[in-house]
Every structure is written in structure tokens, then in C-alpha cells.
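Have a look at the structure below, then the notes.
No value in this document is a laboratory result; all are computed from the given coordinates. What you see is a predicted model, and the numbers here were worked out from it, not measured in a lab. Note that we place each Cβ from the backbone using ideal geometry, even for glycine, and neighbour counts take in every protein chain shown.
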Amino acid sequence: MRFYDSLGPNPQVVRTFAAEKGIALARVPVDIMAGENRSEAFRAINPLGQMPALQLDDGTVVTEVTAICELLEDLHPQPALIGTNAVERAETRMWVRRFDLALLEPFMLGFRATLARSFFAPRMPLLSEAAGQEMMAHWAERLRFFDALLAGRRFVCGDRFSLADIPLGAFLRFAPAAGVSLPADLDWIPGWLDRLAARGTFDA
């Protein structure tokens, strides 16, 4: 397998997931700052020009971080990061979907249209800057909602660390580094981020 890797939270999700499972991926760096992911050569791998991508030994290419992680879970079931039974797997997927729709998508739409506008404007259609600011405000509001909803848990799925922790953790670790401050009135998330950092796999 060849893992097309780059800067950014999405590739970090796969690197962390693989590290938690002890999987060594053959990494192929892609320079997104130079637009290599938009090149004809990379679009032959992923026509959407998005990162990351996993190319299997038979040439099959899988993109989208959740799909890649699901594949790695199927190929390497232990330790189980999606779940050991149908109920656990459903719970994990429920939280992943909630975060995708309510937090990660608004964050990226808002971030690209505001703080990162000069970088993304030549590369893709963007919301207006005003709409981007609204998206960032919506993201912060929803983050406070989930912060309160998850109070008292060790991880998103209770005591069970899972895929549900990884994408949100990767994005919330990325945000301050990209100039986006987390709301100051969060109660649960700061301690949760500390627990994720202590695992060491978010530095993979």
C-alpha cells in the first residue's frame, strides 16, 4: 500500500489511526503548498485533487479518511477502533457523522473563506468572507454544544477510544496552529485533547 500524505488534519487522521493499530504505511509526500495535489499526475490518482489517498497493491485507490480508516480496520481488526460488535460500530459511526456534518464541514468552509482565503481562492470556489465568518461562528456554537453533551466521558464513546475521537481531535489540534482559537469557555474538550496528546499517536 502507498499512502499519499501531506500537511493538514485529514492526512493526520489516517496517520493517527494507523499508528494506533501499529500499521506502518509507505508514505508518499505530496506538497499541497506548491499545489502538487492539483497536478495532472496526482489527479490520475485522485481526480478530486484532495488529500489523502491510499493506493492498494492491486492499484485500487481509496480516498476520504473515514473510508480509508474503515478499510484499515477491516484489514487489521485489532485493536478495534470502530468497534467489537454491531452496537459499538454504530455508535462510533454515529459520532463520526455528527462531527463531520456539524463541526468539520463548517470549520473548513469558514476557515477557507476567511483566514486561509488567499491560499484557497485560486484553487477552489469559496463562500463570501462574510458567509465564512458566519460559518466560523456556527462552528464555535456547535463546538460548545458538543462540549456540554460529552461532559463526564473519558473519550467520545465513553471509556472506549475510537475512530470517533480521531478526526475531531486532529482538526481541533490543527485549528490553533492555523490561527483559529478555540472558544475560551469549553469545559470538556481541553482535558480530552490532553488525553489524546498523551497517546502520542497524534504526532505520527
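Using packing as a proxy for protection, rank 107-113, 118-124 so that the peptide with the highest average count of other Cβ atoms within 10 Å comes first. Spell out each step's value before the answer.
Values: 107-113: 21.7, 118-124: 10.7.
Order by mean packing, descending: 107-113, 118-124.
Taking Cα centroids, how far is the stretch 82-140 from the stretch 1-75 in Å?
Their Cα centres are 19 Å away from one another.
For the chain, modelled as a GNM with alpha-carbon contacts under 10 angstrom, which of L186, L172, L163 fluctuates the most?
Greatest mean-square fluctuation among the candidates belongs to L186.
F119 to M94: FRET efficiency via 1/(1 + (r/R0)^6), r the Cβ-Cβ distance, R0 41 Å, to the nearest 0.05?
Numbers: r = 33 Å, r/R0 = 0.81.
Here the calculated transfer efficiency is 0.80.
So between R199 and V87, what do we pick up on full extension, going 0.36 nm a residue minus the alpha carbon distance?
Gain on stretching R199 to V87: 37.8 nm.
So what is the 222 nm mean residue ellipticity for the chain from helices alone, if each DSSP H run of at least 4 adds -39500 (n - 2.57) and you divide by all residues, rounding to the nearest 500 deg cm²/dmol?
Calculated at 222 nm, the ellipticity per residue is -14500 deg cm²/dmol.
Zone of I23 (label point 7 Å along Cα→Cβ, backbone N under 20 Å): which residues in the stretch 161-203?
Answer for this model: 161-171, 199-203.
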